[in-house]
Each structure stands twice: as C-alpha cells, then as structure tokens.
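First comes the structure, then the notes that go with it.
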Amino acid sequence: APAYHLILEGILILWIIRLLFSKTYKLQERSDLTVKEKEELIEEWQPEPLVPPISKDHPALNYNIVSGPPSHSIVVNGKECINFASFNFLGLLDNPRVKAAALASLKKYGVGTCGPRGFYGTFDVHLDLEDRLAKFMKTEEAIIYSYGFATIASAIPAYSKRGDIVFVDRAACFAIQKGLQASRSNIKLFEHNDMADLERLLKEQEIEDQKNPRKARVTRRFIVVEGLYMNTGTICPLPELVQLKYKYKARIFLEESLSFGVLGEHGRGVTEHFGINIDDIDLISANMENALASIGGFCCGRSFVIDHQRLSGQGYCFSASLPPLLAAAAIEALNIMEENPGIFAVLKEKCKRIHKALQGISGLKVVGEALSPAFHLQLEASTGSREQDAKLLQEIVRQCMDRSIALTQARYLEREEKCLPPPSIRVVVTVEQTEEELEKAAATIKEVAQAVLV
Amino acid sequence: MRVKSPSTHVRLEIALDPDPAGPTSIGLDPDLAGPTPVKPRRVHHVTQNGGLYKRPFNEAFEETPMLVAVLTYVGYGVLTLFGYLRDFLRYWRIEKCHYATEREEQKDFVPLYQDFENFYTRNLYMRIRDNWNRPICSVPGARMDIMERQSHDYNWSFRYTGNTIKGVINMGSYNYLGFARNTGSCQEAAAKVLEEYGVGVCSTRQEIGNLDKHEELEKLVASFLGVEAAMAYGMGFATNSMNIPALVSKGCLILSDELNHASLVLGARLSGATIRVFKHNNMQSLEKLLKDAIVCGQPRTRRPWKKILILVEGIYSMEGSIVRLPEVIALKKKYKAYLYLDEAHSIGALGPAGRGVVDYFGLDPEDVDVMMGTFTKSFGASGGYIGGKKELIDYLRTHSHSAVYATSLSPPVVQQIITSMKCIMGKDGTTLGKECVQQLAENTRYFRRRLKEMGFIIYGNEDSPVVPLMLYMPAKIGAFGREMLKRNIGVVVVGFPATPIIESRARFCLSAAHTKEILDTALKEIDEVGDLLQLKYSRHRLVPLLDRPFDETTYEETED
C-alpha cells in the first residue's frame, strides 16, 4: 500500500479518537449554574401582579342594574324606561305562551341537564328543537349549542384546520374572530362588504394554487360572512358571494345571529331575503338569543356538514347541554313565528320609520341599513381621542335614560378586536314599540344630541 | 409477573404520612417519586398535625395486567384490519355506503374531510355508537326514563320505537348532590322567577343584561367560596376559554396538568402564552418545570417570564383523582406562581361542608388565586363562575370576553343556583344540604369499597364520587354498556380519544340521591356483568373491612 494512504488513515484514526474523548458542546450554558445561583435567581424573580389595577371610574366597571325583567318597559338603575337596547326583536321575552311552555318544561325536567349530550344529556326536547329548526330553515339537519357565543366559535374550528384558508369580512363579530383564532388557519381579511376586494384576494390565492397544485388539492377554502353585521348594521351581498363561491370553489359559512327571525318573508334570514337556495350555503349558524328570546345557538345545513360537529364541535361535546326549559321556550317561540309571519313586515316598517326619523341629527350619524333593527349612532366628527368620544356618547346615553329612553353604548374589548369599530350608541327596534314611542325616542335623541354636542 | 404497559405511566401509589420532622422540606415524601412501582404495604392512617395533609390521601392507579394489554392491542389490530377491508368494499361499491355525501354541484371542491381523519369514527366508533347520546325524557335524577331506539343498519341510523325504558338507574349524570329534581323548593323558586322575569335576557352584561338577580348570585357565590368577590357566566366551558386569555397573554407561562379538560386547553391556547405540561398530579414534575422556567426564562430571548399560571382541576373526571392541593399551594408560594383551580366536579361534592377541594383539605381559599367552577354538576343548573380577590373580579368585569360579547345567565337558572346554594350552606333553615353532602360521602366510600372487593380495577382517589372502572378491551366497551342497559342501569363508557387507547373505562358518577338499595341493586348487576365479561382484573384483592365507621386511626391492610 502506498505510504500516503497509510498516513491518511492514521490521521483519521487519531481524529476519531480525539472526537470520542473531547467534551460534548453544551448549548445550555445556564445549566452550568450552581445550585446556589439557581436559588438566588428564584428568590429574585418577581412576577407581574396577576391583574393590573382597575381605576374606580373605568367606564365598563359599573354595570347598569336592571331590576325585574328586561322587557319592553325596563327599570334601569331604579328608573323606568322604554327599552331600546335589548335584542328582543320580536317581543317574545315576556310572551305568556313562551313562559307557559318553559314552565311546563321546568315542572317536567327540572332546570339543569347534568351532563353533556353524549352522556344522558340529550333530552327529547333537544331532539324536538333540532327537528323544528331544520324544518323551519328547510335544511336537512340542525345542531344546538348551549351558548350563543360558543356556536360559531366551535363550528369554525371543527372544519377549518391548520393550513386551510379563510376569507373573512373585516367587520366580523368577536365570536367569529375567536373561532378563527382557535382554528389556526390562514386568515385573509377583505374590506367590509367589498366584493371586488374579496375577488382580488381569491384571484391571488388561485395564482398561488397554480404554483403548488398538490398543496392546493388539500387546502380547504372558506368564506365567513354575517347575514346582518352586528358592528355595522349592513347586509352582506349574498348573491355575489354565491357566484364567487362557485367560481373559486370556496365554501360559505353564514352567521345569521341578527338576521334570523328578522329578514325574509317568513323570518328565515338573509337567504330568504335574497331568494337564494339554502343548499348553496354550506353552514348557517345563528344564536337563539336575539329574535327567539331564549339562550343558546344552533347551526343548520346539510347532514353531510352538520353531523361532523357532533363529534368535533368542542362546545357541543365537552359542555353540558342546553337546559330543557330554554329549549322549550325556543320551540314555542318558533311556533309563534310560524303562526304569524306578519310580524316580520311590521318590524321592517318600524325600522324604516325610525331610520328616517333619526336622519339629520346634528353631530350624530346613523350607521346601518334601513332594514336592520339593530343599528348604531356614531359621532359625525370625532374629537380625536376614543376616550373623549366615548365620554360624549355616554353623556348622551345618560341624559336619554333620564328622559326614560333606555339606550346603551356598544361595548367592545379595545385591545382584543382585530378591527375596532368607532364608539357608538346601539339602538334596537322591536315590534313592541308603538309609533308614539318611536317618535318620542327620535325626538329625545335629537334634543339630547343638540344639548351635548353643540 | 407485573410489567408496566408501555403507554401507561400509572402506578400504584399509596400516600404515606409526609415527613413530620421537616420545616425545611416542603413535605414531599421521596417515596412519592414518579413511576417506579411501590410495593404495596401496610398503610397506617394517622392524622397529621402540622403536616401538609390533614387527612389521609389515598389514590391508586393499578397497573394494566400484561395479558390484558396484549389482548387489547390485538383487538384494536383486528378492528383496524377489518376497517381497511370495509373501506375497500365501500370504495368499490360492494358494500352500501350509509353516510352522507357531498352535493353533486360541489363535487369538485376540495373535500371537506380527510378520509383518514374519520377512519376511527367510521369503523370503530360506529359499531358501538348506541352507547352514547341516549335520549332521556325525564328528570336526570337517581332514576330516569330512556327513549328506546333501534337500528336496522348497524348503528348508521336510529329509529325511535316509541317505547320508554322506565326507571333506569342513572349512574351517568353529574348529579352529585341530587339537585336535579322537578319538585321541591328549588323548582318552586325557579318557577316564580320564570313567571316574573321570563326566560331570555337578550343582552350582554356590560350593556343592559345585568339583572339584579345576577348581582345577588355573585354575592352569594363569593360568600359560599369564602372569597372577596365572584362573577358568574352562562357556560362552564366558556368560562375557561374566555377568561384565561384575559388573565395571561404572550410572554407568560402556563403550566398545565397532562389530563386537563378541553376547555382549559382551549383557553390556554387562545391566550397566546407558552404552555408546558407536567405529569398528571406529579409534584416533582411540576417543581422541575417551575425551577427551569424561572432559572432559564423565556425560550431564546432569556427574558424573565411575566407571570406563571398553574392550571389544575379539583377532581379529574376521567381518572377520578383529586389534585394534591396542599403541595401545589406550597410550590406556588415558594416560586411565586399563580394558581387557577377548576372545580367543575369538586364543588359541592367534596369537603365536609360541600365547599369543594379547598374545604376537603382544610386550606384557606385565599391561597388559590383564581377559583373557577361550574354550576352544572352539583347545583343542577348551568353556567360557571370565577371567584377571587376584588381586584381580580374588577378586572374580569371590564376585560372578560364573556362580559362584553356573550349573553348573561337566564333568570330561572340563576334562581335555581341561588336556592340550591343556600340549601347547601344551610341558609334556608334546613339541614338538607348537610345531609346531602354526608350522604354523597358515604355513598362514595361504600360503592368504591364494594367494587374493589369484587375485584375490579378502580382508578382514583377513595373520596372522589367519580368512579372509573377499567374495561380495556374495545369489545367490552360496547358489551358493558349494552348489558347494563338490559339490566336497567344506565352507565357511561368512555374510550379513545377521551382516554389513552388501551385504557377504556366505564365511569360511574355517584349521587346523594342514590339510596343504599339503588346502590346495592347496581352493585349486584355490575358483579353479574363483571363475571359475564371477565372484567375482574385486579390482582390486589382488598381484605373486606369490618363494617365500622371510618375514623382516622383505622388500619387498612392490602395483600397481594
């Protein structure tokens, strides 16, 4: 063998021996700390206080106390007012039939269900309600949740996982935002009700897909919109959305909390309003806490879609089911809705009326469509600081309450919202308000705004 | 021969009296260390004055016998093979497809579900699906009426025959103190409030949904728990998932128990903080994590953590174990962490006055920073609460997601909680509450002792009203549920994914409404079914105790 060969092998063997016996390189220098040093570090470390202190005059600290039922005539902080702040659109909150149905259920089942749906928490009332909701909305199946907020917040993460793409409107409500956060998908926001912006985003996504077709074949796409937006009082342009859906192959999730029981000839929501086939919408989610004046929420759609939530909806599987008296109240409310479909037209009338009456107030502008029973009054010209604006609006609210009109400011979590709406007063129209009361409210707000803002 | 089965790290642990001579140590007994199996020996329960535990802490998780573990894996293997076979047959249309399919118009969309994700659901869960979601049509009390269902296509679809199976003994509902009733003072008070207030609220707490009833409830909850203030929410799950993000954020550390409930895990994830998991109820693991966290700081930047929050539960509902609260509080004080205690199952069910796990160990409620619980289990209502110092509650009133965006509790439900809580506290002038708490404790001890004597493997603490009975094999899950229903007893069986894959179990929830006759009937049937299905795996046969009242100086012998 040639000499250089032997020499090279000898060097290699010596190198291996050196490597075997050298000290391993430790990445964590801190683990070389002595026990005493570690104890000192532990002694010295001071955590932040669990919660920061809240000043006594924080605007959201002291709640208004309502004594008695929050119905049409409401007693707030000891003063009797007409209620323009609760989402009691169809006035079913103190309907005697609803109360009687709930009472009968209470006498039969007690109050709580003592278990989740999987473990003896399914009552015949729940199955009944799911059946009735599916029939009412003309879908195959419906599923009930025991909390309105948890409905859409559990539905979205059940379908959309890490790696999927969700196109969502900027003005989406907080529950949708939490559902999206829990799903860990890619979120793409489009401008409020701007179909051109949405189409632009969808086109960009299509170009991305062509670069990587294998990935595109397994990435699901969803569009999440609300029927009637809580934050802006506008209706989503559903026909254009359905067109975009078929063009770009994305599924639509529609959140109808405010539009269920309000829009459409029979109260079936925004799909009836636009005359769209309900099977075109993959999932409709709504809460029963507005028009149905109960507690909880539901999702409805085709069995193919809804059945999946029975095993993967977190708020469904891991939580106790809806108390039967609330389910019975919702069934009775549905009965009333089906029996007099005329109330929806009445509600629309009243909305149009007050919308017109509140136009032209100096300093305040109406934000929301004429059809929306829950709309906002925002300052026409902001003072520059959100806190100042909020103080002015609170003063208006306070003076209105003094004159027996109960209003409230729309509350948001300022640091948590993705797109924080400007401060506003929430005005809610219900069927129970008479024409005189509507006139009186409009006049009062005009007067107070005049006094406070000018 | 006893070999630890690979996926279980549970072992036989009998807590001995902690070291009485140690003011320097925080009382952790070296024998309690981790996973080495401790040879069972004589245990003397003597009250400790000055020790951390004022009462004996008896928790046992018997090891899975080797043969059973092997057979269980074989069982799952066979099921998986058959699953692939059936999928194949369904794909080639040899077998009829029962499940719903996508719309024709949307066939070219990206599929909504991955086939593989649902393999378990399609092929294993479907076979025994009739054991879950059983609909009932009566009060979920000690006895209930189940609606009979039939399936003609192997559980793909159910048809209601119209019959009801009446008087089924209810061992599945979380009705610990027996407040699930449709008669009595609770129901009457709730009915009155329903008449006056109606059912819904239609607004959030911060807007116009804060009723006087809510304020009354919160004051009562605060006095029940012994804390400064409390706040109530409409859903127990949402209490966790909406308030943990309000308390911690990015830059904080969450130390969460391995077996925490889905709501705690979701809340921790939504907060954006770093999550580290410690072994179930293992204080050495928790201490190590705390030390490492404070010494090393945040990963990569080494900045000190803003705060450390420890998430534990009072009773873990799948294991039946009780948290080692005295040790957790000692650790928390030493390392200046904050403690979040979720008492969903333990409030009302533990403790001589029914005030939960803090009462059970005789500790000070002020040591727990955040006391959370639900009203669903022991109070027969729905909803959750958080109790703590006034600053904490003030902060939650302004920053909790639920206060701003979610509807408040329904008035009749609030009244039910108020009445039942007053009853437990004895404020309604009767001793009914105290009797219920005592009855539950007696039922628990009796039931657990009898089951252990029969030879079943029972997990968990001796005082926990949640009793998991191990089944292990997948076929026995379905068989146990169905056989018990044939004998008119409704039980809950749980398998994967709620439990590790080979540790499926049946879970009994005891109630103060169960009389001794009901328990005896149930025990007789469980004995029969246990013999029929060969469920009596336990190697540690307990010598039957003489029937005398349990006092602290009883000696208990365990023999191999």
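Since every read-out is calculated from the coordinates, none of them should be taken as a lab result. Predicted model, so just to flag it, every value in this text is computed and none were measured. Backbone-built Cβ (ideal geometry, glycine too); neighbour counts: all protein chains shown.
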**Message:** Please determine whether any residue of region B:260-272 is more than 11 Å from chain A (Cβ to nearest Cβ) and within 24 Å of A:T113 (Cβ to Cβ).
**Reply:** yes
**Request:** Name every residue in region A:114-124 that is touching a residue at least 60 places away in the same chain (Cβ under 8 Å) and either facing another protein chain (nearest Cβ under 7 Å) or within 15 Å of B:I146 (Cβ to Cβ) (or both), in order of residue number.
**Result:** A:C114, A:G115, A:R117, A:G118, A:G121, A:T122, A:F123
**Asked** Which helices (runs of 4 or more DSSP H) does region B:393-465 wholly contain that include 3 or more residues that are within 13 Å of chain A (Cβ to nearest Cβ)?
**Response** B:401-405, B:411-425
**Request:** Hey, can you tell me all the residues within region B:494-541 that are closer than 30 Å to A:C317 by Cβ, among the charged types (D, E, K, R) and either assigned to a helix (DSSP H, G or I) or more than 21 Å from the chain's Cα centre (by Cα) (or both)?
**Result:** B:E525
**Request:** Considering each of B:Q150, B:Q206, B:Q114 in turn, give the residue that is surrounded by fewer than 23 Cβ atoms within 10 Å (Cβ to Cβ) and within 10 Å of chain A (Cβ to nearest Cβ).
**Result:** B:Q114
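Would you confirm whether any residue within region B:359-369 is closer than 19 Å to B:V227 by Cβ and within 12 Å of chain A (Cβ to nearest Cβ)?
Looking through region B:359-369, at least one residue is closer than 19 Å to B:V227 by Cβ and within 12 Å of chain A (Cβ to nearest Cβ).
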**Asked** Just checking, how many residues over region B:135-193 are touching a residue at least 60 places away in the same chain (Cβ under 8 Å) and charged (D, E, K, R)?
**Response** 3
**Complete:** Of the residues in region B:103-122 that are among the polar types (S, T, N, Q) and assigned to a loop (DSSP other than H, G, I, E, B), the one that is nearest to B:T80 (Cα to Cα) is B:N118
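To keep it simple, each residue is scored yes or no on (1) surrounded by 16 or more Cβ atoms within 10 Å (Cβ to Cβ); (2) over 19 Å from the mean Cα position of the chain (by Cα); (3) in contact (Cβ under 8 Å) with a residue 40 or more places away in the chain; (4) under 27 Å from A:A370 (Cα atoms).
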{"position": "A:A172", "(1), (2), (3), (4)": "yes, no, yes, yes"}
{"position": "A:I176", "(1), (2), (3), (4)": "yes, no, yes, yes"}
{"position": "A:S183", "(1), (2), (3), (4)": "yes, no, no, no"}
{"position": "A:D197", "(1), (2), (3), (4)": "yes, yes, no, yes"}
{"position": "A:F222", "(1), (2), (3), (4)": "yes, no, yes, no"}
{"position": "A:L228", "(1), (2), (3), (4)": "yes, no, yes, yes"}
{"position": "A:G233", "(1), (2), (3), (4)": "yes, no, yes, yes"}
**Prompt:** Among the residues of region A:138-150, is there at least one that is surrounded by fewer than 23 Cβ atoms within 10 Å (Cβ to Cβ) and without any contact (Cβ under 8 Å) to a residue 24 or more places away in the chain?
**Reply:** no
**Prompt:** Within region A:102-111, is there a residue that is among the hydrophobic types (A, V, I, L, M, F, W, C), within 30 Å of B:R143 (Cα to Cα) and free of Cβ contacts under 8 Å to residues at least 12 places away in the same chain?
**Reply:** no
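For (1) assigned to a helix (DSSP H, G or I); (2) facing chain A (nearest Cβ under 7 Å); (3) in contact with a strand residue (DSSP E or B) (Cβ under 8 Å, 6 or more places away or on another chain); (4) surrounded by 24 or more Cβ atoms within 10 Å (Cβ to Cβ), each residue gets a yes or a no:
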| residue | (1), (2), (3), (4) |
| --- | --- |
| B:S173 | no, yes, yes, yes |
| B:L177 | no, no, no, yes |
| B:A180 | no, yes, no, yes |
| B:M231 | no, no, yes, yes |
**Message:** Between B:K213, B:K219, which is more than 8 Å from chain A (Cβ to nearest Cβ), assigned to a helix (DSSP H, G or I) and without any contact (Cβ under 8 Å) to a residue 60 or more places away in the chain?
**Reply:** B:K219
**Request:** Being closer than 30 Å to B:G184 by Cα, more than 10 Å from chain A (Cβ to nearest Cβ) and of a type in the set (V, I, T) narrows it down to one of B:I310, B:I315, B:I322, B:I329, so name that one.
**Result:** B:I315
**Asked** If A:G68 satisfies every condition in (1) in contact (Cβ under 8 Å) with a residue 40 or more places away in the chain; (2) assigned to a loop (DSSP other than H, G, I, E, B) but one, which is the exception?
**Response** (1)
**Item:** Looking only at region B:377-403, and only at residues there that are farther than 30 Å from A:Y120 by Cβ and in contact with a strand residue (DSSP E or B) (Cβ under 6 Å, 6 or more places away or on another chain), the one that is surrounded by the most Cβ atoms within 10 Å (Cβ to Cβ)
**Value:** B:G388
**Item:** Flag if A:I405 is of a type outside the set (F, W, Y), touching a His at 6+ places or on another chain (Cβ under 9 Å), surrounded by 20 or more Cβ atoms within 10 Å (Cβ to Cβ) and over 29 Å from A:I187 (Cβ atoms)
**Value:** no
**Request:** Could you list, in sequence order, all residues of region A:184-240 that are closer than 30 Å to B:R269 by Cβ and hydroxyl-bearing (S, T, Y)?
**Result:** A:S185, A:T219, A:Y229, A:T232
**Message:** For region B:289-335: of the residues being assigned to a loop (DSSP other than H, G, I, E, B) and under 28 Å from the mean Cα position of the chain (by Cα), which is surrounded by the most Cβ atoms within 10 Å (Cβ to Cβ)?
**Reply:** B:G320
**Complete:** Reported set for region A:257-280 where residues are within 14 Å of chain B (Cβ to nearest Cβ), part of a loop (DSSP other than H, G, I, E, B) and touching a residue at least 40 places away in the same chain (Cβ under 8 Å) is A:S257, A:L258, A:G261, A:V262
**Request:** Return the residue satisfying two criteria in turn: it lies in region A:202-237 and is under 23 Å from A:S257 (Cβ atoms) and of a type in the set (S, T, N, Q), and of such residues it is farthest from the other protein chains (Cβ to nearest Cβ).
**Result:** A:T234
**Fill in**
Of those in region A:281-294 that are within 11 Å of chain B (Cβ to nearest Cβ) and in a loop (DSSP other than H, G, I, E, B), the residue nearest to A:S160 (Cα to Cα) is A:D282
**Prompt:** Would you pick out the residues in region A:125-148 that are more than 13 Å from chain B (Cβ to nearest Cβ) and part of a helix (DSSP H, G or I)?
**Reply:** A:R132, A:L133, A:A134, A:K135, A:F136, A:M137
**Message:** I'm trying to understand the selection: among the residues of region A:310-333, which are among the polar types (S, T, N, Q), buried (at least 24 other Cβ atoms within 10 Å of the Cβ) and within 19 Å of the chain's Cα centre (by Cα)?
**Reply:** A:S319
